[in-house]
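In what follows, a structure is listed as structure tokens, so that the remarks can point back to it.
The values are calculated or read from the model by the stated rules, or taken from the named source; none is laboratory data. Just so it is clear, the structure is predicted and the values come from calculations on it, not from any experiment. Note that each Cβ is placed from the backbone with ideal geometry, even for glycine, and that neighbours are counted across all protein chains shown.
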Amino acid sequence: MKWLALTVFALITAQALGQRNPAIEKGSRAAYGIEARGREAAVAKGQADAMARRAAPFANVTDVESFVVASRKARNEAIATYYAEREKARTGKASKEKKALLDSFNSAIESAADPLSPYIPDISSPSIVTLKAKSTERFLKTIQVVDAHNAIVNCIESIVGLSNHDLWLTGVDTASWIDGQRVQLDGVLVKVGTKTYETLDGGTRTVAMMTKILLPADGTLTRAEDVREWKTDRDEKYNGVLLLYDLGRVKIKDMDGKVTTLRLTKLSDDDQDYVATVAPLPRRRQ
């Protein structure tokens with residue numbers, strides 16, 4: 001069965017890259033038939049739906065200020081979603097697989113809630129695209145360098161369920177770019193309008209016009225504003241952000257990177273009430 005799974009994986013990956021391999025298609029469909037196509041469709045739909053959810057808070061982003069606001073909202077929504085999914089995963093009998101799944105959710109919560117890390121989610125939509133310079137999952141390839149600050153590019157997606165799309169990139173130094181070249185670009189592209197241009201066959205085409213925004217490096221995208229003072233029943237005080245709540249314990253991380261773990265029941269009533277607004281099922285101190 002292992003080779004069959006790998007065959008289907010290869011098929012999905014090839015399709016995501018816009019490639020076709022008759023041998024892979026024949027082998028995988030002979031093995032799985034309709035089931036294989038159903039799994040492919042389910043994976044693709046799941047990826048597309050997840051991307052749509054991540055992109056939704058950023059639909060109206062046009063500049064740095066609106067990106068910061070959307071980033072904060074998206075971070076909070078992501079944390080809430082991870083907590084909710086973690087609690088769903090608790091149902092049923094204990095197993096190594098379940099423990100691994102719960103651990104993965106906790107890792108995801110800590111990553112999203114880390115007060116020191118800017119929250120720049122993976123997004124690809126008609127209005128915003130996030131890029132990592134060395135990523136093989138999403139990158140830009142030049143179609144035509146127009147001038148020193150404009151180029152028509154293809155945003156290439158290798159993730160199942162996502163589609164490649166062309167855009168007009170403006171306000172970026174393109175003087176050294178070459179047609180057909182992969183572009184090493186890192187950061188966030190936002191839509192600033194549309195652009196209609198003449199194609200090689202004499203027709204016209206209209207695409208999104210996007211530009212790169214310069215994200216603040218002053219901590220604006222961190223959770224510095226969420227730092228609060230925590231107090232225990234022994235009047236011990238800690239400053240930091242809620243990193244994780246799980247099984248009666250609270251992790252607090254300060255802006256110096258120090259993590260403190262405390263029992264929820266040892267915290268003040270106000271602190272317990274605060275945890276209850278972020279994480280599900282904290283037990284109230286009696």
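When the residues of the stretch 173-183 are filtered to those that are aliphatic (A, V, I, L, M) and closer than 23 Å to E137 by Cα, which remaining residue is surrounded by the fewest Cβ atoms within 10 Å (Cβ to Cβ)?
Start the filter on the stretch 173-183 by keeping residues that are aliphatic (A, V, I, L, M), which leaves 175, 178, 183.
When the remaining residues are screened for being closer than 23 Å to E137 by Cα, the result is 178, 183.
Values: I178: 10, V183: 18.
Checked the stretch 173-183; the qualifying residue surrounded by the fewest Cβ atoms within 10 Å (Cβ to Cβ) is I178.
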Residue match in the stretch 69-83 (condition: in contact with a Pro (Cβ under 7 Å, 6 or more places away or on another chain), more than 18 Å from D186 (Cα to Cα) and basic (K, R)): yes
Residues of the stretch 128-170 satisfying the condition of being surrounded by fewer than 18 Cβ atoms within 10 Å (Cβ to Cβ), of a type in the set (S, T, Y) and either free of Cβ contacts under 8 Å to residues at least 60 places away in the same chain or assigned by TED's automatic domain parsing to the domain that holds V61 (or both): S135, T136, S163
Residues of the stretch 83-108 satisfying the condition of being within 24 Å of the chain's Cα centre (by Cα) and hydroxyl-bearing (S, T, Y): Y83, S104, S107
Residue list for the stretch 184-198, restricted to those being of a type in the set (V, I, T) and surrounded by fewer than 18 Cβ atoms within 10 Å (Cβ to Cβ): V192, T194, T196
Test for S95: is it farther than 27 Å from N60 by Cβ and either not aromatic (F, W, Y) or not assigned by TED's automatic domain parsing to the domain that holds Y197 (or both): yes
Output for the stretch 142-156, where each listed residue is outside any loop (DSSP other than H, G, I, E, B) and in contact with a Gly (Cβ under 7 Å, 6 or more places away or on another chain): T142
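Could you list, in sequence order, the residues of the stretch 185-221 that are among the charged types (D, E, K, R) and either assigned by TED's automatic domain parsing to the domain that holds D147 or under 18 Å from T174 (Cα atoms) (or both)? Before you say what the answer is, go through the steps one by one.
In the first step, residues of the stretch 185-221 are kept if they are among the charged types (D, E, K, R); the result is 186, 191, 195, 198, 201, 205, 212, 218.
Matches in the stretch 185-221: D186, K191, K195, E198, D201, R205, K212.
Does the stretch 276-284 include one or more residues that are part of a strand (DSSP E or B) and out of contact with any Asp or Glu (no Cβ under 6 Å at 6 or more places or on another chain)?
The initial filter retains those residues of the stretch 276-284 that are part of a strand (DSSP E or B), namely none.
No, there is no match, as no residue in the stretch 276-284 is part of a strand (DSSP E or B) and out of contact with any Asp or Glu (no Cβ under 6 Å at 6 or more places or on another chain).
Do we have any residue at all in the stretch 254-265 that's crowded, with 18+ Cβ neighbours inside 10 Å and either in the same structural domain as T136 (by TED's automatic domain parsing) or of a type outside the set (A, V, I, L, M, F, W, C) (or both)? Outline the logic, then answer.
Quick first cut of the stretch 254-265, residues crowded, with 18+ Cβ neighbours inside 10 Å only: 264.
Still in the running and either in the same structural domain as T136 (by TED's automatic domain parsing) or of a type outside the set (A, V, I, L, M, F, W, C) (or both): none.
Within the stretch 254-265, none of the residues are crowded, with 18+ Cβ neighbours inside 10 Å and either in the same structural domain as T136 (by TED's automatic domain parsing) or of a type outside the set (A, V, I, L, M, F, W, C) (or both).
Being within 30 Å of A41 (Cβ to Cβ), out of contact with any Cys (no Cβ under 9 Å at 6 or more places or on another chain) and either surrounded by 19 or more Cβ atoms within 10 Å (Cβ to Cβ) or free of Cβ contacts under 8 Å to residues at least 12 places away in the same chain (or both): is that true of A208 here? Give the derivation first.
On the way: within 30 Å of A41 (Cβ to Cβ): yes; out of contact with any Cys (no Cβ under 9 Å at 6 or more places or on another chain): yes; either surrounded by 19 or more Cβ atoms within 10 Å (Cβ to Cβ) or free of Cβ contacts under 8 Å to residues at least 12 places away in the same chain (or both): yes.
Yes.
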